[in-house]
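Single-structure report; data block below.
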Amino acid sequence: MSETAEEKPSSTPYPQEVELACPECRSGMIHLRYITYFTWLHDELISVPNFPAWVCDVCGRREYDMRAIS
């Protein structure tokens, strides 16, 4: 018989709840948003809907989630 481990509630907040100061403008906060990501792959334009990105609410700077890029 196999035992199942009980899941313990995480003490860390969900990424959507985290607010960080923007490293670019230093006056805004960056928030997790889901955007459409565009990039060129050779001669072809690729779009990825619902791509996670950290976006500043003041200057609009975007930082992409490294796990999603890889």
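Coordinate-derived values only; no laboratory data. Note that the coordinates shown come from a computational prediction; the quantities given were computed from them, not determined experimentally. Virtual Cβ from ideal backbone geometry, glycine too; neighbours counted across all protein chains shown.
If you plug the beta carbon distance of Cys59 and Val18 into 1/(1 + (r/R0)^6) with R0 = 22 Å, you get a FRET efficiency near 0.75.
Note on Met66 and His42: their simple-model spin labels are 3.0 nm apart, each label 7 Å out from Cα toward Cβ.
Would you please name the GluC sites (Glu not before Pro) within the range 21-70 that are DSSP coil residues with at most 16 other C-beta atoms within 10 Å of their C-beta?
Glu24
If you take all other residues with their beta carbon under 11 Å from the beta carbon of Cys59, and give Lys and Arg +1 and Asp and Glu -1, the sum is +1.
When the Cα gyration tensor is reduced to axis lengths a ≥ b ≥ c, the ratio a/c is 1.5 or higher for the range 25-70, and with a/b above b/c it is classed as prolate.
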